[in-house]
Every structure is written in structure tokens, then in C-alpha cells.
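A quick write-up on the structure given underneath.
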Amino acid sequence: MTSSDNTKLAATALLAGGVGAALSYYLVQKKNDAAARDRERSSSFSNLNSRTSFIFQDPEYDRGTSAATAANDTTVLMPHSHEERMRRRIAARMAVEDENSQPRQSVTVRVPASSANCGPGYDCIGLAVDLWTEVTVSRAEEFEITAEGDGAAEMPKDESNLLVTGVKAAYDTAEKPMPPLRYHVVSRIPYARGLGSSSAAIVAGIIAGLVLAGHRLPVWGSESLLQIAATIEGHPDNVAPVIYGGFQIGIHNGTRWVTERVPCPPGTQLVMFIPDFIGKTSAARGVLSDTISRADAAFNIGRVAFLVHALAMGNLDNLKWGVQDRMHQPQRAEALYKHLYPMIKAAEEAGACCAYLSGAGPTVMALTSGASGDIFTQREKERTDFSVAKAMMQVAQTFGVKGRIVVTLASNEGARVVKVDPPFSSEYITFRDNV
């Protein structure tokens with residue numbers, strides 16, 4: 001073998017060695033990269049499983065937030081911080097869809113009755129009642145109000161009707177001129193009986209006006225609909241359950257009205273004695289003193305706490321203590337409703353969990369338990385509504401108070417639109433009741 005051949009052989013060996021070394025290095029790096037990715041993935045899943053709070057820095061969750069903003073925002077939002085989370089989400093959105101914000105020609109709104117105060121919760125606690133009024137408001141050439149059903153004859157047919165007040169407030173909020181409208185009311189809420197007929201009218205009017213005007217309001221962090229309604233009514237105990245349903249606690253925090261829901265125990269029924277005579281809120285408030293004693297204030301504070309705890313825990317036995325009151329019921333019973341306390345006593349002795357004056361009266365509300373499914377297929381002895389109703393009516397007859405008993409349920413649902421022209425539903429999406 002010549003020296004030239006030896007040189008070629010050496011060069012070939014060096015080249016092969018270099019290629020082999022490069023290939024080995026590539027394979028080792030590839031293996032290391034795969035291991036690193038596995039470790040990163042494992043760490044990511046570990047962090048996900050151990051997370052106990054939500055860190056609001058996900059651009060996909062809050063569309064419209066820049067990556068830089070999301071990266072700099074490390075504020076921890078706890079699970080209960082729903083209003084703040086919703087506020088940030090809304091702040092990042094562009095706008096409500098135009099097709100759902102256009103003015104409408106007519107709208108029908110369904111609103112529930114409500115029972116306020118619930119004993120000691122004067123002007124701050126209320127319950128939605130499964131009695132419903134439907135209001136249809138349509139654009140027209142001239143103003144008109146027609147009504148049918150419960151209380152239709154007593155209902156104002158001019159612009160003093162609170163339904164019109166609500167619609168005006170909605171158009172004022174939308175900053176749009178209010179057109180001539182026609183109103184038709186199908187009332188199933190007894191008028192001026194302490195079951196929130198005025199609050200139902202206010203809320204129905206606001207919702208109808210907003211839909212007709214094509215205007216929407218923020219809820220999370222502001223509860224704008226509640227602000228309008230409570231400002232008109234002066235307190236939230238009726239309008240809050242009319243809007244949201246269920247048991248509601250409402251306060252003014254110094255800036256705005258705020259509400260929270262309290263659970264209603266399952267199987268609860270409402271047994272109410274509704275007198276034939278009208279109870280004027282102004283007269284019922286007129287018998288109350290502007291001041292109360294420290295002892296009476298402490299009494300009511302304790303009873304409100306007991307009431308909320310009993311509802312939250314489902315402890316029906318404690319409701320009768322939770323609805324006791326010294327702030328308004330004794331004064332109204334003495335001056336206006338002599339039947340009140342005898343009827344409360346009779347209802348509780350007949351098996352009611354509790355009983356109280358509904359709103360400013362004159363209706364007396366009793367809560368009973370034991371209902372399950374359709375009551376007309378359930379054995380009566382499993383429930384107490386019939387015996388309580390009978391006991392309440394006997395007291396009414398003793399005091400010569402004419403009226404009727406109505407048995408229904410608490411409503412977990414508040415006011416809602418049930419018909420609109422043109423509809424919100426389309427060929428791509430159908431809302432409830434094809435609204």
C-alpha cells in the first residue's frame with residue numbers, strides 16, 4: 001500500500017468518525033429535550049391539580065386582554081370573587097351583539113309576586129311567590145292601559161301606574177325618547193294586599209322598556225336593574241326577589257344596592273290568607289314610630305340572624321323564632337290588623353313552620369313543609385297545608401274578616417321576557433320559549 005493510499009484511508013476514517021460523533025450528539029440532545037418536555041408537562045399537571053385559586057392571567061379566558069397586561073396581572077381571585085372576575089371579563093369584551101340590541105316593537109314580561117319583611121327583615125328581606133302577572137307593552141299611536149284579572153278594576157289606567165314609571169326609567173337610562181306605548185296587564189297578583197304588586201309593576205316596566213329601547217345593563221358588580229327599581233321603590237325587599245327570585249337579602253352599602261340569595265328549604269309551601277280589603281302601604285307605615293328602643297333593636301337583630309341561619313341550614317323548626325318581630329308587626333296588628341297574631345298562633349299550632357305579616361299587609365303568610373312532587377298525588381297527611389289553611393280561615397271568620405286562602409310555592413325564578421317582536425331567537429339559536 002502506497003503512502004497515497006494510507007492518506008486516503010486516514011481521511012476516510014476521520015470523516016466517518018466525525019459523522020458518527022455528530023449523529024451521537026444529535027441523538028443524545030434529542031433524548032435530553034424529550035426528557036425536559038416530560039418534566040415540564042409533569043410539573044404543569046402538578047400545578048394544575050394543586051391550584052386552589054384562580055389567577056386571572058389567561059388571555060383566552062379574557063378575550064381582548066393583551067398578553068403583556070395578562071402577564072403583569074397576578075392578582076389572585078378566590079372562587080367567591082365572581083363579581084370581580086366578571087367585571088374584568090366584561091371590560092375586555094368589545095360590545096353586545098348588534099342584533100340583540102336593536103329596538104323591539106313589542107314585549108311580554110312575566111313577573112312574580114313577592115312577600116317582604118318576612119317578620120324582622122324590615123325593608124331588607126323578601127321572598128318571590130309563585131303567583132305571576134304578565135305585562136305586554138307595544139309601540140302604538142297613542143297611550144293606553146288595559147287590564148284583566150286580579151285587581152284590574154283598582155289598577156290605575158293613566159301614567160301614574162308604576163308600570164309606566166318603570167318604562168320611563170328604562171328609556172331615561174337608555175337616553176332615548178319614550179314613544180307612545182300600549183300596555184296590557186294580565187294580573188294574577190292581588191292588588192295592594194302585601195304581595196308586591198307595585199314592585200312587580202316597576203320591574204316589569206323597566207324590563208319592557210329596556211327591551212323596547214334595545215338597551216342592556218351590566219349586572220355583575222353593579223346590578224343596574226336593581227339600582228333603578230330600588231330607587232323607585234325606596235327599598236330592595238320586594239324588587240330584589242321579583243328580579244332574581246328566591247329569598248333575597250338587600251342592603252345599601254353606601255354606594256349602591258346589593259343583594260344576596262338565601263336558600264329556600266325544599267318541600268316548602270306558602271299558605272296565605274288574602275283579605276278582601278286593600279292595605280295601603282302609606283297607612284301601614286304611618287302607624288310606625290320613627291324610633292325604637294335598644295332592646296327592640298337587639299331583639300330584631302337576633303331574629304333576623306336566626307331566620308337567615310334557619311333558611312340556610314334548612315332548620316324548619318327554628319323558622320317560628322326567626323320571623324318574630326317588634327319593629328312593625330305589633331304596631332300594625334294593634335292599629336290595622338286585629339286578626340294578625342291570633343292567625344299566626346293558629347297557623348303554627350296547626351303545623352305551620354312559621355307565619356308573619358306579608359309586606360305591609362293585610363295578607364298573612366304561613367310557611368309549611370312536607371310537599372314532594374305534585375301535591376295532588378301526595379297523601380294529605382304527609383303535608384300540613386290543608387290543616388293550616390283551615391285554621392287560618394277559622395280565625396278570619398271569628399274576626400269577621402272576609403278573604404280567601406291561596407296555597408302556592410316560593411319561586412326560585414324571577415322576572416323574564418316570555419315573548420318579543422322581533423324575537424331574539426334565530427335559525428341558529430333558540431332561547432327558552434322560543435323568545
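The values are calculated or read from the model by the stated rules, or taken from the named source; none is laboratory data. These figures come from a predicted structure and were not determined experimentally. Every residue, glycine as well, gets a Cβ built from its backbone with ideal geometry; the counts of neighbours run over all protein chains shown. What goes into the accessible areas is simple: the full protein's heavy atoms, side chains included, and nothing from ligands, DNA or RNA. Shrake-Rupley method; radii C 1.70, N 1.55, O 1.52, S 1.80 Å.
Sub-6 Å Cβ pairs linking a first residue in region 301-325 that is open to solvent by 30 Å² or more (accessible area, probe 1.4 Å) to a second residue that is among the acidic types (Asp, Glu) and assigned to a helix (DSSP H, G or I), at least 6 apart or interchain, are Lys320/Glu348, ordered by first then second residue. Count of region 211-221 residues, restricted to those that are within 14 Å of Ile243 (Cα to Cα) and surrounded by 16 or more Cβ atoms within 10 Å (Cβ to Cβ), is 1. Count of region 133-181 residues, restricted to those that are at pLDDT below 95, touching a Phe, Trp or Tyr at 6+ places or on another chain (Cβ under 9 Å) and within 16 Å of Ser199 (Cβ to Cβ), is 3. Determine the pairs where a residue that is within 30 Å of Ile125 (Cα to Cα) and among the acidic types (Asp, Glu), located within region 410-434, has a partner that is assigned to a loop (DSSP other than H, G, I, E, B) and open to solvent by less than 60 Å² (accessible area, probe 1.4 Å) with Cβ atoms under 8 Å apart, the partner being 6 or more residues away or on another chain. Sorted first by the residue in region 410-434, then by its partner, the pairs are Glu413/Gly245.
For Gly245, the stated conditions hold: it is under 18 Å from the mean Cα position of the chain (by Cα), at positive phi and open to solvent by less than 70 Å² (accessible area, probe 1.4 Å). The single condition among (1) part of a loop (DSSP other than H, G, I, E, B); (2) on the phi > 0 side of the Ramachandran plot that Thr430 does not meet is (2).
Restrict the check to region 233-241 and report whether at least one residue is exposed (fewer than 14 other Cβ atoms within 10 Å of the Cβ) and farther than 14 Å from Ser411 by Cα. Yes: one or more hits.
Val388 - would you say it is part of a strand (DSSP E or B), under 31 Å from the mean Cα position of the chain (by Cα) and not hydroxyl-bearing (Ser, Thr, Tyr)? Criteria not met by Val388. Can you find a residue that is open to solvent by less than 30 Å² (accessible area, probe 1.4 Å) and under 22 Å from Gln331 (Cβ atoms) anywhere in region 377-395? Yes - at least one qualifying residue is present in region 377-395. Looking only at residues of region 122-171 that are in contact (Cβ under 8 Å) with a residue 60 or more places away in the chain and outside any strand (DSSP E or B), we find that the one that is most open to solvent (accessible area, probe 1.4 Å) is Glu154.
Scanning region 249-308 for residues being among the hydrophobic types (A, V, I, L, M, F, W, C), over 19 Å from the mean Cα position of the chain (by Cα) and either closer than 20 Å to Leu336 by Cα or at pLDDT below 95 (or both) gives a total of 10.
Take the conditions (1) more than 24 Å from Val304 (Cα to Cα); (2) in a helix (DSSP H, G or I); Pro241 misses just one of them, which is (1).
Taking only region 396-416 into account, find how many residues are assigned to a strand (DSSP E or B) and surrounded by fewer than 17 Cβ atoms within 10 Å (Cβ to Cβ). Qualifying residue count, region 396-416: 3.
Going through (1) among the hydrophobic types (A, V, I, L, M, F, W, C); (2) surrounded by 21 or more Cβ atoms within 10 Å (Cβ to Cβ); (3) modelled with pLDDT of 95 or more one by one, Ala360 falls short only on (3).
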